[in-house]
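What follows is calculated from the coordinates using simple rules that are stated; it is not laboratory data. All values reported here derive from a predicted model rather than from experimental measurement. Cβ sites come from the backbone with ideal geometry, for glycine too, and all protein chains shown count toward neighbours.
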Amino acid sequence: MICQAETLERARQRPQYGDTFEVMDVKDRSHILFHWGNWVTNTRGCILVGEKFGKINDEPAIFNSMDTFNKLLVALTDVSKFNITIQGANNAS
């Protein structure tokens, strides 16, 4: 869990997700990616992006994830790395 950290990210190519960003320099962690996905089963500690949270079949879910992720990539077209501050962590349940 990343509770509170300022981290550096860089562009990364992944077979399943294509272009994405990886959170770098997190103690005792690696391969933390930003990518699309709708359910908890779509992540193993990565950061899923989407438009809103809700439930599908009583399971926590993220809606409009792929479209939102693609908008993020377009907004960051010419960006190869940037700083981000992650504060706190909430469960979607």
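Along the Cα→Cβ direction, 7 angstrom out, place labels at Asp28 and Ile56. What is the inter-label distance in nm?
Reported label-point gap for Asp28 and Ile56 is 3.3 nm.
Which lysines, on any chain, are close to Lys27 with Cα under 23 Å apart, when same-chain ones fewer than 8 places away are left out?
Lys81
Rank by packing, highest mean first: peptides 55-66, 35-46, with packing defined as the count of other Cβ atoms within 10 Å averaged across residues.
Values: 55-66: 13.5, 35-46: 15.8.
Packing proxy ranking, top to bottom: 35-46, 55-66.
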